[in-house]
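These notes concern the structure reproduced below.
The values are calculated or read from the model by the stated rules, or taken from the named source; none is laboratory data. Note that the coordinates shown come from a computational prediction; the quantities given were computed from them, not determined experimentally. All Cβ positions, glycine included, derive from the backbone under ideal geometry; neighbour counts span all protein chains shown.
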Amino acid sequence: MSISRKAVIGLGALATAASALALMASPHGVSSAKAEAPKVAGPARVDDFMLADQDLLGRELYRMADDKAVVLVTYASGDKRLHADAAALMALKSAYAGQKVDMLAVDSRIGDRRDPVIADAKAAGLQMPILFDYEQLVGEELGVTRAAEVIVIDPRAWSVAYRGPVDGAKAAIDALVAGQKVALTSREAKGELIAFPDRAKANTYEKISYAHTIAPIIQAKCATCHQPGGIGPMPLNNYEQIKGFSPMIREVIRTHRMPPYLADETVGAFQDDDRLTPDQMKTLVHWIDAGAPRGAGEDPLQKVKFQAPDWPLGKPDVVLNVPEVKIAATGIMDYQHPVVANAMAEGRWMKATTFRVSDRQVVHHILTGVVASDHAGNSFSETQWGASLGGYGPGRGSNIQPVDTGVWVPPSGGVGFQNHYTPYGKETTEKTQMGIYFYPKGQEPKYILRTFGIFNFNIEIPAGEEWHKETSYIEFPKEALLYGITPHAHVRGGSTQVSVIYPNGKEEKLLALPRYNFNWQYEYFLKTPLKVPAGSKVLTTWTYDNSTRNPGNPDPKKTVYWGEQTSEEMMATYLHYRWTDETVTHQTPEYEKMLQANLMMGVLDTNMNGKIEKAELRGGPKSPARTLLQYFDLIDSDHDGSIDAKELAAAQKFMARGRGGQAAKGGDMPKAAPEPAAAQPMPTATPAAAGGH
């Protein structure tokens, strides 16, 4: 723990009783009385953090290391001083446009939420990212006491160069832009007080019990991965290990990297939510700030025999061995498409699947699908698969069907695999096993779980762009019940949001990942399944970071298009759902065809007006948009300057005739995405018309 942080903690406890009472009297934690501000020493240096802004984009401080200066403004909704300073703040922001200066607000006030803050900022005329510090961990470390305080940071050492009112910030920023060294100057801010209740408890942090408080959190939220056989890079199975890695634990909590559950806490509610609670986050950070004391009592973790199970769901009913594959140390490897025989004597309803991979570093993804018995053992195109039996991606666990839903696995058939391996500098051999779990006989599910991918094959991500935006949607032709969402992009994926737009125009956000991470590709199953009426559109919005600030970017100088390899990019969001009037005994595969027919309109209609204009047709040389653009005037049969749904359907039908026709020479329009099929053909054997994920 740094001396500056000790100063923050210690001096923060000196707030007067009058100040504390005034703070507690306000419903938002802001004093309505004239009270002395707590004398809190600000830090000389600022640690890394990541917070979501008002647009649900994850802003990480240390990614701004290429800046000349980073300027933070403390925010509180409705603050009069902040509104009065708005013009000066915007003038300051404009003065350094294009000069490598980022300006962001940080809202640490208890009770402030996104929509009211957006309205407040608009009323004030403030246009900048506003970061929400819900747990107050960033505001605590920064020594924030009031709104309308400007904090100027020197990214060369992440030191603080100035803090105080806006009228004193320019001199420090000028010096930093000029490359000069700047000594800290400080003046008192004039905004309203912001309450930090935990400051009054700072002298009790060292009394937080490792045995009774910290160890149970680590066991519940960390040790399932950080144990022998787990996917964590190091064990966290006793006090000594936790103490040794405590600075890293503090960092990954403040940057929201661990536990790796990426969903924003203010959007949606999900099953199997692995996040730390706000109290757990604060408890761990405060304990580490106090020096991670051992305290009294035995170490409860020493009594636990930590070992990740071979099969987390228990012994599978069927284990399939995927043919082992040798992967070279370097180069690009084509997708592998093996089919593994599944010699079952009778068909069964699948309840879950899980995968054991021998080298997690090399596996980009594994996708699966049922194939007919006469194709077992042979490579088989995904477009001819039946139901999906789940998949594997970095960080993914098991694929578990929601209650009363399942996927039919026919007898004596096979399972097709689409395996993508990415060399990482070391020659290796991958040996994958797939475990399948079935419903007990007599306890079969009532419903069929299906999966559909919302794609955008026309993404075009300019070189060097940090927040490039792409959208796509799918319109549901019949009423459905949405169970879960699985976002997928590659290493330039920045953030994603998923919402439903109902027929009456109302939009509801379902999921937001402010900072997407390719290494943790989770399925997010809703705590309560959502009814999606016919005519509703599920909209997915992605941002991509193709800048030098993205540490995983293979080449920030390259414009990037859709492609299968990790060095290329994808935009995919898989929906896990069922049709409300479909059951195991009454199946409606025709609904899937109707949904599939809506795919390309949702891909190309970026302004969501139900028509495709020429300006919307872009993407790489192989994108379907290029083919449409080439024959736009021919497809636009009524010559109104746009392609509607009927004209698009006619064009797709024509292009699907084959490559012999003139139109087909420009590139056939795909019926589904290369990774994987957007909608899977239904098996013909009864009752195999089961979709899945």
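Residues considered: Ala352, Ala387. Of these, the only one that is within 25 Å of the chain's Cα centre (by Cα) and surrounded by 14 or more Cβ atoms within 10 Å (Cβ to Cβ) is Ala352. Restricting attention to the stretch 429-441, the residues that are surrounded by fewer than 21 Cβ atoms within 10 Å (Cβ to Cβ) and closer than 24 Å to Ile485 by Cα total 2.
For the stretch 600-641, the tally of residues that are touching a Gly at 6+ places or on another chain (Cβ under 9 Å), in a loop (DSSP other than H, G, I, E, B) and not basic (Lys, Arg) stands at 6. Among residues that are of a type in the set (D, E, K, R) and loosely packed, with under 15 Cβ neighbours inside 10 Å, Asp605 is not included. Enumerate the helices (runs of 4 or more DSSP H) found wholly within the stretch 1-112, keeping only those where 2 or more residues are at pLDDT below 95 and among the β-branched types (Val, Ile, Thr). Correct list: 3-12. Could you count how many residues in the stretch 556-566 are in contact with a strand residue (DSSP E or B) (Cβ under 7 Å, 6 or more places away or on another chain), modelled with pLDDT of 95 or more and not in a strand (DSSP E or B)? Residues that pass the stated criteria total 1.
Cβ separations smaller than 6 Å between residues 6+ apart or across chains give the following pairs from the stretch 517-538 residues that are among the polar types (S, T, N, Q) to residues that are surrounded by fewer than 17 Cβ atoms within 10 Å (Cβ to Cβ) and modelled with pLDDT of 95 or more: Ser536/Tyr502. Residues in the stretch 140-170 that are part of a helix (DSSP H, G or I) and of a type outside the set (A, V, I, L, M, F, W, C): Glu140, Glu141, Asp167, Gly168, Lys170.
When Glu523 is tested against (1) within 23 Å of Gly610 (Cα to Cα); (2) surrounded by 16 or more Cβ atoms within 10 Å (Cβ to Cβ); (3) acidic (Asp, Glu), exactly one condition is not met: (1).
Of all the criteria given as (1) in the same structural domain as Ile218 (by TED's automatic domain parsing); (2) on the phi > 0 side of the Ramachandran plot; (3) modelled with pLDDT under 95, the one not satisfied by Gln271 is (2).
Consider the stretch 567-581 and keep the residues that are outside any strand (DSSP E or B) and crowded, with 20+ Cβ neighbours inside 10 Å. The one that is nearest to the chain's Cα centre (by Cα) is Met571.
Residues checked against (1) small (Gly, Ala, Ser); (2) not assigned by TED's automatic domain parsing to the domain that holds Pro411:
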| site | (1), (2) |
| --- | --- |
| Leu313 | no, yes |
| Glu324 | no, no |
| Ala329 | yes, no |
| His337 | no, no |
| Met344 | no, no |
| Gly347 | yes, no |
| Ala352 | yes, no |
| Phe355 | no, no |
| Gln361 | no, no |
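Close Cβ contacts (under 9 Å, 6 or more residues apart or on different chains) running from residues in the stretch 365-389 that are outside the structural domain of Gly416 (by TED's automatic domain parsing) and at pLDDT below 70 to residues that are crowded, with 22+ Cβ neighbours inside 10 Å and among the basic types (Lys, Arg) are absent.
Checking each residue in the stretch 278-305 for being in contact with a helix residue (DSSP H, G or I) (Cβ under 9 Å, 6 or more places away or on another chain) and in a loop (DSSP other than H, G, I, E, B) picks out Ala290, Gly291, Ala292, Pro293, Arg294, Gly295, Ala296, Gly297, Glu298, Asp299, Val304.
Of the listed requirements (1) surrounded by fewer than 18 Cβ atoms within 10 Å (Cβ to Cβ); (2) in contact with a Phe, Trp or Tyr (Cβ under 8 Å, 6 or more places away or on another chain); (3) assigned to a strand (DSSP E or B); (4) not hydrophobic (A, V, I, L, M, F, W, C), Glu444 misses just one: (3). The number of residues in the stretch 190-238 being under 30 Å from Gln361 (Cβ atoms) and either out of contact with any His (no Cβ under 9 Å at 6 or more places or on another chain) or of a type in the set (S, T, N, Q) (or both) comes to 16. In the stretch 461-506, counting only strands (runs of 3 or more DSSP E) that sit wholly within it, the ones holding 2 or more residues that are among the hydrophobic types (A, V, I, L, M, F, W, C) span 480-488, 493-501. Considering the conditions (1) touching a Gly at 6+ places or on another chain (Cβ under 9 Å); (2) of a type outside the set (Phe, Trp, Tyr); (3) surrounded by 20 or more Cβ atoms within 10 Å (Cβ to Cβ); (4) farther than 30 Å from Pro514 by Cβ, Val322 is excluded by exactly one of them, (1).
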